[in-house]
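The structure appears right after this line, and notes come after that.
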Amino acid sequence: AFSRLAPRDLEGLRVVVTAGPTLEDLDPVRFLGNRSTGKMGFAVAERAAARGAQVTLIAGPVSLSTPPGARRVDVRGALSMRGALWQALGEDLRGADALIMTAAVSDYRPAEQHATKLKRTPDLASLPLVPNPDLLAEIGAARGGLADAAGADGARSPVLVGFAVETATDEGVIAYARHKLASKRVDMIVANHAADSFGRDDNRATIVTRDAADALGVLPKPALADRILDRVLQLSRTSRT
Ligand code: CTP
Ligand code: CA
């Protein structure tokens, strides 16, 4: 009965999960951030570890406790998340079998990080920003390069999963997800609506892959995490055969 409640079907799978927002510091007092709370990523890490995976959880600033069994690496801005990711995956991407990128990575950061507090005026009247690297797209491109070099069609390791939060119709959300799947060269985008996800204990998501879009309905985040991990396990088996 115990094994039925807690199947160890991910034993041997090395899973890297990113979670939470990135916060981009402007000065010692202020930052640019977003509404991510980290609940989805922590649910993925918790379920993966419970199912026997070896889990590295790269967490932006969140107030959640580390799931039992997960190795946690705390980061702050997108650049520090990038460093932790490449550390976990390795330059050759052989350090993990799957990357599940739930983090809401800030698209921009202040051009300068000031050592002293900026004053209300005139300093803060405008805020020059510079783009952050697209961490998932960089990894997708690196993996694509490796597969091409090996000449092996379908050599897709690690399995790459992105998340996309939108404010659009269901059709719009899926169209954006298909675009991100292709442009970031990943295997799966979990697409959802901002109003259904941020800060909530459940979510209404659609899993978009190359050949399908599966609307899952409203699920508690741990149940959604299990559905995602089921698909990751299938894809990782495909990549090894
Ligand atoms: N992502 C990333 N690095 C970034 C921005 C996004 O790795 N600088 C990842 C996210 O972690 C997520 C996926 O890309 O898994 C999709 O993020 P999203 O913000 O939806 O995509 P963007 O390409 O940034 O598009 P936009 O914000 O314009 O919708
Ligand atoms: Ca973005």
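The values are calculated or read from the model by the stated rules, or taken from the named source; none is laboratory data. Quick caveat, the model's predicted, so the values are computed rather than measured. So basically every Cβ, Gly included, is an ideal-geometry build from the backbone, and we count neighbours across all protein chains shown. When the accessible area is computed, the model is the full protein with side chains, heavy atoms only, and any ligands, DNA or RNA have been set aside. Shrake-Rupley method; radii C 1.70, N 1.55, O 1.52, S 1.80 Å.
For residue 42, tell me the accessible area in Å² from a 1.4 Å probe, rounded to the nearest 10.
The value for residue 42 is about 10 Å².
Of the residues 211, 27, 92, which exhibits the maximal mean-square fluctuation in a Gaussian network model of the chain defined by a 10 Å Cα contact cut-off?
Result for the chain, Cα springs under 10 Å: 211 fluctuates most.
What share of the DSSP beta bridges in the range 87-231 is antiparallel, in percent to the nearest 5?
Restricted to the range 87-231, the bridges split so that about 55 percent are antiparallel.
For the chain, what does the helix formula give at 222 nm: sum of -39500 (n - 2.57) over DSSP H segments with n ≥ 4, over the residue count, nearest 500 deg cm²/dmol?
Result for the chain, helices only: -10500 deg cm²/dmol.
Tell me, in nm to one decimal, what length is gained between residue 121 and residue 202 on full extension, where the rule is 0.36 nm per residue of separation less the Cα-Cα distance?
Once the chain is fully extended between residue 121 and residue 202, it gains 24.9 nm.
Based on Cα coordinates alone, diagonalise the gyration tensor for the chain, multiply each eigenvalue by 5, take square roots, and list the semi-axes in whole Å, largest first.
Calculated on Cα positions only, the semi-axes equal 30, 20, 19 Å.
Please give every one of the lysines within straight-line cross-link reach of residue 221, meaning a C-alpha to C-alpha distance under 20 Å, and leave out same-chain neighbours fewer than 8 residues apart.
In chain and number order, the partners are 39.
Suppose each label sits 7 Å from its Cα in the direction of the beta carbon; what would the residue 111-residue 80 distance come out to in nanometres?
Going from the residue 111 label point to the residue 80 one covers 2.4 nm.
Report residue 178's accessible area, 1.4 Å probe, all protein chains in place, as a number in Å² to the nearest 10.
Result for residue 178: roughly 100 Å² accessible.
Could you tell me the calculated FRET efficiency between residue 234 and residue 130, based on Cβ-Cβ distance and R0 = 22 angstrom, to the nearest 0.05?
Step by step, r from the Cβ atoms, then E = 0.05.
Report the full-extension gain for the segment residue 91 to residue 11: residue separation times 0.36 nm, less the Cα-Cα distance, to one decimal in nm.
Net length gain for the segment: 26.4 nm.
Once you charge only the Cβ atoms, +1 for Lys and Arg and -1 for Asp and Glu, what is the size of the charge dipole of the chain about its Cα centre, to the nearest 20 debye?
That gives the chain a dipole magnitude of about 440 debye.
Specify the residue with the greatest mean-square fluctuation among 18, 121, 206, computed from a Gaussian network of the chain linking alpha-carbon atoms under 10 Å apart.
Most flexible of the set in this elastic network: 121.
Could you identify which residue out of 217, 140, 77 has the top mean-square fluctuation in a GNM of the chain using Cα springs shorter than 10 Å?
Ranking 217, 140, 77 by mean-square fluctuation puts 217 first.
Using a/c under 1.5 as the rounded threshold, could you call the range 86-201 rounded, prolate or oblate? The axes a ≥ b ≥ c are square roots of the C-alpha gyration tensor eigenvalues, and prolate needs a/b larger than b/c, oblate otherwise.
Oblate is the answer for the range 86-201, as a/c is 1.5 or above yet b/c matches or exceeds a/b.
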